[in-house]
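To start, the structure itself, in structure tokens.
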Amino acid sequence: MTRAPQKRRLETRAKLLSVAAAIVQEQGYSGLRVEDVVARAGVAKGTLFSHFKDKDGLLAVLIGEEVTRLLDGMESAGAPSDIPGLTARLAPHLDYVAQDRVIFDLLLRYSGTTAAEPDEVVTASFTRQVALLARWLQYMQAAGSIRQSPPPQLLAEGIQAFLNHVLGVWFCMEHNNEAPPARTLEPYLKAWLQPPA
């Protein structure tokens with residue numbers, strides 16, 4: 001049986017996450033402020049910081065949950081049969097990250113790519129995405145729709161790098177082109193995956 005103080009702590013954490021998610025719905029990730037979260041939740045700042053190291057820690061949980069949901073959807077869609085299908089599977093993830101630079105920055109920082117202290121949920125989502133891509137690429141290699149070498153794991157890691165590159169360029173361009181990030185990704189996938197002519 002859960003002790004009352006522990007139950008209250010879990011309820012407070014859930015309330016903070018719920019309030020933060022509502023603010024993100026209204027104002028985007030960039031609009032989230034600790035002061036607004038604690039005011040709406042009716043708690044002190046110290047309470048928020050006892051649950052989350054800082055605002056980025058709170059955002060990491062919210063973003064990690066959404067990335068996990070997107071990965072669940074990608075996985076349930078099954079392996080794509082060709083490069084356009086692969087691009088389509090990756091599009092929801094790209095669209096999500098491209099909606100707010102805060103998402104991209106936080107995912108890079110907490111993935112272990114640039115962080116001294118990575119977030120385990122964010123890091124796990126990167127690892128899961130590469131593993132999923134490797135399985136799909138193995139299937140696509142067996143079907144003969146992509147090049148046969150290098151191994152699927154290395155191809156998957158390359159695709160992860162292309163995702164980060166495409167999003168980095170997307171934010172540098174300040175969204176002034178009309179093409180969604182997935183359309184920008186497809187030429188890289190074709191160059192990386194197509195069998196030699």
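Structure notes:
- Cα-based shape type of the range 131-197, given that a ≥ b ≥ c are square roots of the gyration tensor eigenvalues and the cut on a/c is 1.5: prolate
- Per-residue HN-Hα couplings for the range 103-111 [Karplus 6.51, -1.76, 1.60; θ = phi - 60°; Hz; x = Gly/Pro]: 4, 4, 4, 5, 4, 5, 4, 8, 7
- Each residue of the range 143-151 is assigned a 3J(HN,Hα), and the resulting list reads 7, x, 8, 9, 4, 8, 9, x, x Hz, derived from the Karplus form 6.51 cos²θ - 1.76 cosθ + 1.60 (θ = phi - 60°), x at Gly and Pro.
- Charge context of Gln194, other residues only, Cβ under 15 angstrom, K/R +1, D/E -1: 0
- Rounded if a/c under 1.5, otherwise prolate or oblate - the range 73-163, Cα gyration tensor axes: prolate
- Counting charges near Lys45 (Lys, Arg +1; Asp, Glu -1) among other residues having Cβ under 12 Å from its Cβ returns a value of -1.
- Tail fraction, Cα-Cα pairs, the range 1-154, threshold 19 Å, whole percent: 61
- Using a simple spin-label model with pseudo-atoms 7 Å out from Cα toward Cβ, His165 and Arg40 lie 3.9 nm apart.
- Spin-label zone in the range 30-49 - amide nitrogen under 20 Å from a point set 7 Å from the Cα of Ala4 along the C-beta vector: none
- For the range 1-51, average projected area of the Cα convex hull in nm²: 3.6
- For Gln27 and Leu132, a Förster radius of 30 Å and the Cβ-Cβ distance give a FRET efficiency of 0.45, rounded to the nearest 0.05.
- Accessible area (Å², per residue) of the range 1-126, counting only protein heavy atoms and a probe of 1.4 Å: 52
The values are calculated or read from the model by the stated rules, or taken from the named source; none is laboratory data. Only a predicted model underlies this, so the values are computations on that prediction, with no experimental measurement involved. Note that each Cβ is placed from the backbone with ideal geometry, even for glycine, and that neighbours are counted across all protein chains shown. Side chains are part of the model used for accessible areas, which takes the heavy atoms of the whole protein and leaves out ligands, DNA and RNA. Shrake-Rupley method; radii C 1.70, N 1.55, O 1.52, S 1.80 Å.
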